[in-house]
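This report refers to the structure that appears directly beneath it.
The values are calculated or read from the model by the stated rules, or taken from the named source; none is laboratory data. This one's a predicted model, so the numbers in the text were calculated from it and none came from an experiment. Cβ coordinates were reconstructed from backbone atoms using ideal geometry, including for glycine residues, and neighbour counts include every protein chain displayed. These area figures cover heavy atoms from the full protein model, side chains too; ligands, DNA and RNA do not enter into them. Shrake-Rupley method; radii C 1.70, N 1.55, O 1.52, S 1.80 Å.
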Amino acid sequence: MAQDRTTLRHTFNTDAELYDRVRPGYPAELFDRLPTGRVLEIGCGTGQATEPLARQGRPIVAIELGEQLADVAKRKLSRFPQVEIITADFETWPLPPEPFDLVLAATSFHWIDPDIRVAKAAQALRPGGTLATIATHHVFGGTTAFFADAQECYLRFDPDTPPGLRLRPAAEIPTDSAEIDASPDFGPARFHRYEWDQPYTTQAYLDVLTTYSGHIALPPSARAGLLNCIADLIDNKYGGRIVKRYLTELRLADR
C-alpha cells in the first residue's frame, strides 16, 4: 500500500549514519550558482549540501525534522561557528525577524506541505532574495541493462511498482515551475542541470537503496527479498559492479 508524504518523510531518520555515508551528494559547480549571503536551509539531512556552503564561509541556519539526522549534521558541522542546526519541521518553525538572502532545499522541498512551502519561503526571504531547490532524478544511462533487469525484482517484491516502468533519458525529464509560476511572490524560475554517473559495488548499491523512503517503508520480508534479488543480479550477471546515472536539477527563483 502506498505511504503518504507525512509518513514517508520520517523514514530517513531510521539510520542517519548510513544515510550520511552512502547518499550521493551534489555537483560542486552547482554551489557556485547560488547567490551569496545569509542562508536558510530546509531539510538539511546530515549536511550534504550544508557543508559545501559552510566551507564558503556563509552564515547558515539549517532546519531538520529528524533528530538523528540533525545530530549527525551538528557533529559534522561543529567546526563551522557560523552554522546553526535546528531540529524542527519547517511548516511550524517560527521565522526569525531577520530575513535571509537565500532559502535552499536540497532534495527536500517535495517533502514540505505544498500549501505552505512556497509562501513561507517567500516570507523568509528579503526582497530580491532567492529560493533554490535541488532535485535528484534517476535517469537512463550507466549500466542500462541492469536497471531494466532490476524491474523484475521490483515487480516481485514491491506491489506499487507500475508494470513496464523504465528510466527515461535526462532530456525527457520535464522541468517543473508550476508552483513558482502560480506564486505572486516570485519571478520566473531558472533551471540548471547536471548529469553524472556514480559507480557502485553490490554492497554499496544495496546500502544506498536502504536509505530510500520507498524501500524503508516496505514490509521487512519484501524488503529483504527485493535486496537479495538485486544483489544476486549484480553479482551473477554484472560482475559485482554497476554504474548509475543521476540528473541533479537546480531551480532558482527570486522574490
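Some points to look at:
- Of everything in the range 195-213 that is open to solvent by 30 Å² or more (accessible area, probe 1.4 Å) and modelled with pLDDT of 95 or more, the residue that is farthest from residue 22 (Cα to Cα) is 195.
- Note on the range 1-27: residues that are over 14 Å from the mean Cα position of the chain (by Cα) and at pLDDT 95 or above total 0.
- For the range 174-191, a residue qualifies if it is in a strand (DSSP E or B) and among the hydrophobic types (A, V, I, L, M, F, W, C), and exactly one does: 191.
- Conditions (1) assigned to a helix (DSSP H, G or I); (2) open to solvent by 40 Å² or more (accessible area, probe 1.4 Å); (3) of a type outside the set (A, V, I, L, M, F, W, C); number of the one not met by residue 138: (1)
- Whichever residue in the range 62-102 is in a strand (DSSP E or B) and out of contact with any Lys or Arg (no Cβ under 8 Å at 6 or more places or on another chain) and, among such residues, is most open to solvent (accessible area, probe 1.4 Å): 84
- Search result, residues across the range 162-173 that are in a loop (DSSP other than H, G, I, E, B), at pLDDT 90 or above and open to solvent by less than 80 Å² (accessible area, probe 1.4 Å): 167, 169, 173
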